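Below you'll find the structure, written out as C-alpha cells, and then a few comments.
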Amino acid sequence: MGAASRELAVVVLAAGQGTRMKSDRNKVLHEVAGRPMLGHVLAAAESLEPSRLAVVVGNDADEVREAFARRATFLLQAERRGTGHAVLQAQDFLADFRGDVLVLYGDTPLLRGETLERLAAHKTTTGAELVILTGHWPLPGRIVRGPGGRVERIVEMTDATPEEQQIEEGNTGVYLVDAELLWKGLAQVDDRNAQGEIYITDVVGYAIAHGRPVEALVMEDPEEAMGVNTRAELAQASAAVRRRTNERLMAEGVTLIDPATTYVDAGVTIGRDSVLEPGCVISGDSVLGERVRVKAHCVIESSRVGDDCVLGPMAHLRPDSVLEQGVRIGNFVEVKNSHLGEGVKADHLAYIGDADVGAGAAFGCGAITVNYDWQAKHRTRVGAGATIGCNANLIAPVTVEKDAAVAAGSTVTGDVPEGALAVARGKQRNVEGWRERRPGKK
C-alpha cells in the first residue's frame, strides 16, 4: 500500500461448500497450477501488506485451517446465510479497526495483486468510501451508471430489464470499503428476501442512498474475475496461471521451445538462458539455475537444479532432489531425495534414490541404489570421483568411498574403500552343448 493509503484489513470469504466440484476435499484446497486455490488469493492479498488478514470458513474447513494456519486468522460462519452474513463474522475481529476493508473470495484464484493495488490507488485518488471492482466477464450482477459515469446501483441479471441485461460491466463482488461504512451498512441490511440471506451488495445500495461516495474500477484483464466452481473451471484457471507463468519466465530470459506443451507450476523459479523443451512438467517449489537444459518430456518435482545442468530426455527428479552445477541426468534416469555433487553423470537407465553423491561421480547404464528393505529406507553414499558400473546394485546402507569403482554387474553389500574396485558377481560357467540338448529343441 502506498504512503497515502489507509491501514488495510482483508477478509476472504471461503465458506462455500463447493458441491459442484463433486469432491471430498474443500473446494479452496484444489490446486491451480500446483498451488491451492486459496493460496493464490492469499498471495494476492499479502502483496498489499495488510495489517490484518482473515479467512471466513465453514464447519468443514479443518484442512483449510491446517494448510494456512500461519498465514491468516480463521473465522467460522456456522450458518451460510449469504455474503453479507459471512463478512459479519469478521466484525469482532475488526472491532477496533478504523481503516479500509478489502473483501475477496477464496475461489477466485486469477485475481492479481497488481489489480488490487490499482483498486486501492483508485480509492485514494477519488476519495471514495467504497470502490467496487468490476469486469467485462459473465458475472451475475450488472453495474448501472448514471450521468458522468457515477455508480447508481447493482442489479442482478434475474431482476434486470432488457436494457440493463445489455450492460457489459459486471460486479466481481470484490469491494474496498471504509470499515465504518461497512459495519453501518450491514447493520441496516436484513434477511427479508426469498433466500433469507444477507448480501454484501446491499451495502452498496445503502452507501448510495445515504450519499456516500461510491466508485467502480474496471479490471484490465476480465479473466481475473473468473470464479472456480467446477472441475472444468479448475482446469481453465490452471491453464491461465500456467500461461502467465510461462510468459513471466520468457520475459526473464528463459527459452520455452513450445509454451503450449510446457507445464510449469506457479511456484517454480528458473534462471536466465535456461531452455525447456516440449512436454516438460516442472512442479512444486522447484528452483532451476541458469543455463539449465531440460530436454523433452522430463518431470521435475520440488527439486533444486544448479547452473549448467542437463536433464533428459524423459528424466524424472522426484521431490527433494538436489543437483549441483553441471550435473548430467540422461534418458530414463530417476533421482529421488538425493544430493548429487558438481559434475555427477548418470546418462541413462539408472535409479538414484536416498543417496549422497560426491562431485564427479558417474553411474553406468542400469545402476541402482537399492534403498528399501521392505521396512525402511536407507541411504547410499558415493564419494567424489567414484564410478558405478553398468547394472550394478548398491544395497543401502552402503558407502563407496572417493575414487572407488564398482564393476559392472556387481551387487555391493559392503563398503568399498577409497580407490578400490569392488567386484561382486558369480563366477561365469559355460555349459557346452546346451543348445543341442535343451528340451523342446526343434
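For segment 231-422, averaging the sequence separation of C-alpha pairs within contact (under 8 Å, six or more residues apart) and dividing by the residue count gives a relative contact order of 9 percent. Considering the values [x] 39, 26, 23; [y] 59, 21, 21; [z] 46, 21, 19, which represents semi-axes √(5λ) of the Cα gyration tensor in Å as calculated for the structure under consideration? Step by step, semi-axes √(5λ) of the Cα gyration tensor in Å for this structure corresponds to label [y].
Taking other Cβ within 10 Å of each residue's Cβ, how do Leu38, Leu130 sort, fewest first?
Listed from fewest to most nearby Cβ atoms, that is Leu130, Leu38.
Of interest is the spacing of the C-alpha centroids, which for segment 109-135 and segment 144-214 amounts to 16 Å.
By DSSP, what percent of the beta bridges with both residues in the chain are antiparallel, rounded to the nearest 5?
That works out to approximately 20 percent antiparallel.
Averaging Cα coordinates gives a centre for segment 341-358 and one for segment 365-411; these two points are 10 Å apart.
Taking other residues whose beta carbon is less than 12 angstrom from the beta carbon of Ser321, and scoring Lys, Arg as +1 and Asp, Glu as -1, yields -3.
Normalised by the number of residues in the chain, the average gap of Cα pairs under 8 Å and 6 or more apart makes the relative contact order 9 percent.
When you restrict to C-alpha pairs under 8 Å that are six or more residues apart and normalise by the size of segment 8-225, the relative contact order lands at 24 percent. Dividing the Cα radius of gyration of segment 282-428 by its Kirkwood radius returns 0.97 for Rg/Rh. Dipole size of the chain about its Cα centre, with +1 on Lys/Arg Cβ and -1 on Asp/Glu Cβ: approximately 2120 debye, rounded to the nearest 20. Can you list which of the trypsin sites (Lys or Arg not before Pro) found in segment 15-50 are DSSP loop residues with at most 14 other C-beta atoms within 10 Å? Answer in residue order: Lys22, Arg25. Among Trp137, Trp183, Trp374, the residue with the largest mean-square fluctuation in a Gaussian network model of the chain, with springs joining Cα atoms closer than 10 Å, is Trp374. Within the shell of other residues whose beta carbon sits under 14 angstrom from the beta carbon of Leu111, the net charge comes to -4, with Lys and Arg scored +1 and Asp and Glu -1.
Quick note: the coordinates plus some simple rules give every number you see, no bench work behind them. Please read all numbers here as calculations on a predicted model, not as lab measurements. Don't worry about glycine lacking a Cβ; one is built from the backbone with ideal geometry, like all the others, and counts go over all protein chains shown.
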